[in-house]
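What follows is one structure encoded as structure tokens, with my remarks underneath.
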Amino acid sequence: MVNVAAGLSPLMRRHLGEPTLALLHQVGQIASRMGVPFYLVGGSVRDLLLDHAPKDLDLVVEGDAAMLASEVARRLSGQALTVSQFGTASVIVEGNRLDLASARKETYARPGALPRVVASTLLEDLGRRDFTINTMAVALSWSSFGTLVDMHGGQADLRGRLVRILHPRSFVDDATRILRAIRYEQRLGFRLEDETSLRLGEAVAGGMFDTISGDRLRRELDLLLQEEEPLKPLLRAAGLGVLRGLYAPLDGVPGLHRLVGAEQPDDPLVYLAVIASHLTTKENEAFIKRLNLTSRWAQVVRDTISLRPLLGEVASTTSVVQLCHMLDCLSHSAVKAHTLMEGKSAASEKLRRYLAEYRYVKPSLSGRELLALGVPQGPTVGAVLARLREARLEGRIANRSEEVALVGALLKDPSLTGTG
Ligand code: CTP
């Protein structure tokens, strides 16, 4: 945690760079002339205070964001983009895109409902947020540029390394915050503050996830899977009963525990495959429905379940061609998930070789070249390509001229060409 007695300008210079800092100064001056206070807020300020580069800039205007965006575009020869219905507006200046939001407050008609949003002051905007560490702002207006606004003890919690909600109903209002709390805690190496932990447990036990739509839950799970080390928040979520709260049969997640100490994959969908790997087909379909999984995600979890009963055959087969027949139609994320969960078993070794080697084995002749060699147009082209690949996989041929020779032999095979 950095000492900010001198304001945040030095930190902004270090992490945002001089050109971005100069641009924020210019926009701050324009905002000041218009009489609208202008701030950097939320995660960007949290990250700066932790001496990290923010992922993006969250900018808030105490006034009309669209008017500021068009004034900035006019004065700095930029381009104002269309305004969203949520009071945000964007402007592109010298290749930089700035997303400006009007300060707003939210009220929830019932738990989990999308909030009703109305324009407000910065202080109300900060007060509606999830955790104290996300409630700080830095003034960007001309006269106060770089001054920190910290109304909820955000600095103290950054120092104490705590994730703390602002009010006891926070997780009831918005249960997606349960996953967010775990994400920040594990990403930053923080701890859930005691009351926050208690309220989180109550919200999970009280079925608060049931108030949230599948799409919102999936988006939040996606953010968690995109973390640099998703295993940490996933294990924590399992330990707190949060995965069970999300969808009861996820309870236990035996696959997840088998990943501890294993190589950590870069592909976030491998983790999705792992958490669903023990589900029955019926449970899996209900999971897909509950989180309204995209077709790609649904394919990954379905393939993970389909591969499970084939693992014995994967382990025992001595044929690379048969192995490829089993695996070629499955998503690589599913295959990778089983590779990791299987540890050092025979099946794991086969799956590993498939992913590293066999799946890339392809004939060097193209379909067009096969036609030129006399293969009749139509399904025979695909059949010959498949034979060439099998021969390559079995090591019977190793180069292009051997492929050409094999094509010649296959053309004499009436069962393949349908001739003769
Ligand atoms: N926020 C909130 N409740 C939510 C989602 C978001 O209060 N359910 C607030 C938080 O103050 C957060 C801000 O909206 O800082 C922006 O959300 P997001 O971009 O998701 O958060 P960042 O803090 O920028 O997170 P990250 O570091 O993961 O990008």
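Which one of 173, 150 is modelled with pLDDT under 95 and among the charged types (D, E, K, R)?
Result of the check over 173, 150: 173.
Here's a check for you: in the range 274-328, which residue that is assigned to a helix (DSSP H, G or I) and of a type in the set (Gly, Ala, Ser) is most open to solvent (accessible area, probe 1.4 Å)?
This residue is 295.
Tell me, please, whether a residue that is at pLDDT 95 or above, within 10 Å of the ligand (Cβ to nearest atom) and not aliphatic (A, V, I, L, M) can be found in the range 184-193.
Yes, that holds for at least one residue.
So for the range 57-76 (the condition being within 16 Å of the ligand (Cβ to nearest atom) and β-branched (Val, Ile, Thr)), does at least one residue qualify?
yes
Can you report the number of residues in the range 291-310 which are among the aliphatic types (A, V, I, L, M) and within 13 Å of residue 274 (Cβ to Cβ)?
4
When residue 216 is evaluated against the numbered criteria (1) part of a helix (DSSP H, G or I); (2) more than 16 Å from the ligand (Cβ to nearest atom); (3) out of contact with any Lys or Arg (no Cβ under 7 Å at 6 or more places or on another chain); (4) not β-branched (Val, Ile, Thr), which criterion, by number, is the only one it fails?
Status for residue 216: all satisfied but (2).
Quickly run through the range 167-181 and pick out the residues that are more than 18 Å from residue 113 (Cβ to Cβ) and surrounded by fewer than 20 Cβ atoms within 10 Å (Cβ to Cβ).
168
Please identify the pairs in which a residue from the range 312-327 that is more than 22 Å from residue 299 (Cα to Cα) and in contact (Cβ under 8 Å) with a residue 40 or more places away in the chain has its Cβ atom under 6 Å from the Cβ atom of a residue that is open to solvent by less than 70 Å² (accessible area, probe 1.4 Å) and of a type in the set (Asp, Glu), counting only partners at least 6 apart or on another chain.
These pairs meet every condition: 321/390.
Got a number for residues in the range 135-177 being within 12 Å of the ligand (Cβ to nearest atom), out of contact with any Asp or Glu (no Cβ under 9 Å at 6 or more places or on another chain) and touching a residue at least 60 places away in the same chain (Cβ under 8 Å)?
Total satisfying the criteria: 1.
All but one of (1) free of Cβ contacts under 8 Å to residues at least 40 places away in the same chain; (2) over 35 Å from the mean Cα position of the chain (by Cα) hold for residue 403, so report the exception by its number.
(1)
Keeping to the range 138-166, report how many residues are under 19 Å from residue 194 (Cβ atoms) and open to solvent by 40 Å² or more (accessible area, probe 1.4 Å).
Selection size over the range 138-166: 7.
For the range 102-127, give me each residue that is in a helix (DSSP H, G or I), out of contact with any Gly (no Cβ under 9 Å at 6 or more places or on another chain) and within 11 Å of the ligand (Cβ to nearest atom).
125, 127
Looking at the structure I just gave you, is residue 199 surrounded by 20 or more Cβ atoms within 10 Å (Cβ to Cβ), away from the ligand (no atom under 14 Å from the Cβ), basic (Lys, Arg) and closer than 24 Å to residue 244 by Cβ?
yes
Restrict the check to the range 208-226 and report whether at least one residue is among the small types (Gly, Ala, Ser), open to solvent by 50 Å² or more (accessible area, probe 1.4 Å) and farther than 30 Å from residue 123 by Cα.
No: the range 208-226 contains no residue that is among the small types (Gly, Ala, Ser), open to solvent by 50 Å² or more (accessible area, probe 1.4 Å) and farther than 30 Å from residue 123 by Cα.
Would you confirm, using the coordinates I've provided, whether residue 220 is of a type in the set (D, E, K, R) and touching a strand residue (DSSP E or B) at 6+ places or on another chain (Cβ under 6 Å)?
No; evaluated as a whole, the condition is false for this residue.
Hey, can you tell me all the residues within the range 28-83 that are among the basic types (Lys, Arg) and either in a helix (DSSP H, G or I) or over 32 Å from the mean Cα position of the chain (by Cα) (or both)?
33, 46, 74, 75
The values are calculated or read from the model by the stated rules, or taken from the named source; none is laboratory data. A quick note: this is a predicted structure, and the numbers were derived from the prediction, not measured. All Cβ positions, even for glycine, are placed from backbone atoms using ideal geometry, and neighbour counts span all protein chains on display. Heads up: the accessible areas ignore ligands, DNA and RNA and are worked out on the full protein's heavy atoms, side chains in. Shrake-Rupley method; radii C 1.70, N 1.55, O 1.52, S 1.80 Å.
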